[in-house]
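Engineer: One structure, as structure tokens, below. Some questions next.
Please treat every number below as a calculation from the coordinates, not as lab data. Computed from a predicted model, the values in this text were never measured in an experiment. Don't worry about glycine lacking a Cβ; one is built from the backbone with ideal geometry, like all the others, and counts go over all protein chains shown.
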Amino acid sequence: MAEKERPQYAILSHTWGREEVTFLDMTERREKAERMEGYRKIKFCTEQAQADGLDYCWVDTCCIDKNSSSELSEAINSMYQWYKNAERCYAYLGDVDFDFEHHSPDSAFRKSKWFTRGWTLQELIAPRDLRFYGAHQKILGTKELMKLTIEEITGSPWIICLERMSGGQVLQPGCLGLQEEQQQGPRIARIA
């Protein structure tokens, strides 16, 4: 779909749990899907998107036909673009209640399973507007407002580079230099 034709949409970033709603559930077993545990996240995403003036949302669990290997492969290969092109990204942290103390070392936000996934880095970098929500569907904060806490959680100062990004570039010159100067925490080698 050409960029001019693509509608504005929200996207859901989340951890997979029990009873995730699939494409097949949504298209052929909708009544069953609405009773599944994973439907709560989908409903949240659609309601929040509507509240934010967006008519569409994209959720990986139910927007990809996993029975089609070609569709699944294409979706995985273009996942970064889905997040980058979204008007807004909602990171749903189902293991976090409303957390006023996200900067505290013992906060549920810092311990969230969301930060342990392989997809977390691209889902932090790609969206222009990333907002974190807890299990009770209340906003915890934004990527911009929580950037120092996120840097501490990930152990990487690469998030600082996001302020200097433009035109879809992932890293600006010097950002990896910041990482190389850091003596502790995980290392980021290269993002292609």
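Engineer: Which cross-chain or sequence-distant (5 or more) residues have an amide H under 5 Å from the amide H of Ala91, H modelled 1.01 Å from N in plane?
Structural biologist: Here the answer is Ser13, Arg131, Phe132, Tyr133, since their amide H atoms fall under 5 Å of that of Ala91.
Engineer: HN-Hα J couplings of segment 106-113 from phi, Karplus 6.51/-1.76/1.60, θ = phi - 60°, integer Hz, Gly and Pro as x?
Structural biologist: 9, 5, 4, 4, 5, 8, 4, 4
Engineer: Continuing with the same structure: Could you state the number of Å between the C-alpha centres of segment 1-43 and segment 88-128?
Structural biologist: Value for the Cα centre distance between the two parts: 20 Å.
Engineer: Highest mean first, how do 30-38, 124-132 rank when packing is the count of other Cβ atoms within 10 Å averaged over residues?
Structural biologist: Final packing ranking: 124-132, 30-38.
Engineer: Looking at this model, which pairs from Lys113/Lys138; Lys43/Lys147; Lys32/Lys84 are more than 25 angstrom apart at the alpha-carbon? Write out the running numbers ahead of the final one.
Structural biologist: Details: Lys113/Lys138 18 Å; Lys43/Lys147 27 Å; Lys32/Lys84 32 Å.
Too far apart for the 25 Å limit: Lys43/Lys147; Lys32/Lys84.
Engineer: Which whole number in µm²/s is D for segment 21-113 by Stokes-Einstein, with the Kirkwood Rh taken over Cα pairs at 37 °C and 0.692 mPa s? Show your work: numbers first, answer last.
Structural biologist: Details: Rh = 15.2 Å.
The Stokes-Einstein estimate is 216 µm²/s.
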